[in-house]
Amino acid sequence: MEENTLYGKSIIGMENFSPEEIRLVLTAAKEMKQIIRGDIKKTGNLRGRSMVTLFLENSTRTRTSFELAGKYLGADVVNINSSTSSMAKGESLRDTLRTIEAMGVDAIILRHRAEGSAEYASKVVKPVIINAGDGAHAHPSQALLDLFTIEQAKGRLAGLKVVIVGDILHSRVARSDIFAMTKMGMKVRLVGPKTLLPRFFEFDGVKIYDNVEDAIQNADVINILRIQLERQQAGLFPSAREYARVFGINEDRLRLAKEDVLVLHPGPQNKGLEISNDVVYCENSAIHDQVENGVAVRMALLDLTLNR
């Protein structure tokens, strides 16, 4: 049996994972997916364990899937958000974390708008911290579910050509995907408006494009990032219509990739902007699979970090 090197460890970012640990999660997720698809979605793996989801930014997929993951594994799960916690009264993040720790929880799933908040949390309290998104820094469970979805569809990871298109500069998903995918031997292409691409970027296995047609030629996977509409006010691209015309993934552009190209999107989608309605629901789309696989991967993370 493979050694569980993740037991008791906080999950902060993909840069901290070894390829062997990524493989450990993907292998465990296969077993967890069978539980999700079973008639009785309940195990006793984490019976007697407790976890808190502390989401200080809005979320549907990540929060719900972590909650279900904990419940499917038999853990006791409590949800806290900023509007219903004492943080609305001015309590600091540190005091909130220490209060939760004092109640005896085993894990805290944290989403926060500030980069580095998950790493900070792991230093001030003892429970396992799982980063569910910290600003524009990292989203490790999303990267792992992306890898799992690709491998489930393609049967392998190494050597695949993956295009990540959109706002690379501000995307925690892109950062985590880059670390995870290159560690597993995948070739990554980044494409988007020059204002949304990193200016200085050197990373083995990664190539930057500013022309979407060139980037997606013969691609195995296209991962389409959500355009954060609130950033339009910063003037980083002329208009939504212009972005859709130049960088939006539609059926015509999809034909430039391989015939069996896999389409991913972390959600929620801005249909008609970064992705056309036809592409969302086409046979190449694995967007719905990503949601199911997100539960399986988060079950695997909870089980590996909390169950020796």
*What is region 169-308's relative contact order, in percent, from Cα pairs under 8 angstrom and six or more apart in sequence?*
21
*Considering only the chain, what is the antiparallel percent among its DSSP beta bridges, to the nearest 5?*
5
*For SER10, what charge total do you get from the other residues with a beta carbon under 14 Å from its beta carbon, if Lys and Arg give +1 and Asp and Glu give -1?*
-3
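Run lengths n ≥ 4 of DSSP H only: what is the helix-derived mean residue ellipticity at 222 nm for the chain, with -39500 (n - 2.57) per run over all residues, to the nearest 500? Provide the component values of the computation, followed by the final result.
On the way: 11 runs with 115 residues, N = 308.
Taken over the chain, the calculation gives -11000 deg cm²/dmol.
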*What are the extents of the Cα atoms of region 1-104 along their three principal axes, listed from largest to smallest and rounded to whole Å?*
47, 35, 26
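Place the peptides 110-116, 31-37, 131-137 in order of packing, highest mean first, counting for every residue the other Cβ atoms within 10 Å and averaging per peptide. Before the final figure, lay out the partial values.
Values: 110-116: 18.1, 31-37: 15.7, 131-137: 22.9.
With the highest mean Cβ count within 10 Å placed first, the list reads 131-137, 110-116, 31-37.
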*Taking the C-alpha atoms of region 208-292, how large are the radius of gyration and the largest Cα-Cα span, Dmax, in Å?*
12.7, 37
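Which loop-located chymotrypsin sites (Phe, Trp or Tyr not before Pro) does region 167-266 contain, where loop means any DSSP state but H, G, I, E or B and the Cβ has at most 16 other Cβ atoms within 10 Å?
On the way: sites: PHE179, PHE200, PHE201, PHE203, TYR209, TYR243, PHE247; in loops: PHE200, PHE201, PHE203.
Here the sparse-neighbourhood loop sites are PHE200, PHE201, PHE203.
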*Hey, if we sort HIS170, HIS139 by accessible area with the 1.4 Å probe, largest down, what's the order?*
HIS170, HIS139
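Hey, how much of the P(r) for the chain falls beyond 36 Å, as a percent of Cα pairs? Numbers along the way, then the final one.
Details: 7852 of 47278 pairs.
So the pairs more than 36 Å apart make up 17 percent of the total in the chain.
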_trypsin sites (Lys or Arg not before Pro) within region 156-193: DSSP coil, no more than 15 neighbouring Cβ in 10 Å_ = ARG156
*Using the Cα gyration tensor of region 129-286, with a ≥ b ≥ c the square roots of its eigenvalues, what is the shape: rounded (a/c below 1.5), prolate (a/b larger than b/c) or oblate (neither)?*
rounded
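Given a Förster distance of 35 angstrom, what is the FRET efficiency for SER83 paired with GLU202, based on the Cβ-Cβ distance and rounded to 0.05? Can you show the working numbers first?
On the way: r = 42 Å, r/R0 = 1.19.
Given R0 = 35 Å and the Cβ-Cβ separation, E is 0.25.
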_Local electrostatic count at HIS137 - Lys and Arg +1, Asp and Glu -1, tallied over other residues with Cβ under 12 Å_ = 0
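The values are calculated or read from the model by the stated rules, or taken from the named source; none is laboratory data. Given the structure is predicted, the values throughout are model-derived calculations rather than measurements. Positions of Cβ are generated from backbone atoms using ideal geometry, with glycine treated the same way; all protein chains shown enter the neighbour counts. What goes into the accessible areas is simple: the full protein's heavy atoms, side chains included, and nothing from ligands, DNA or RNA. Shrake-Rupley method; radii C 1.70, N 1.55, O 1.52, S 1.80 Å.
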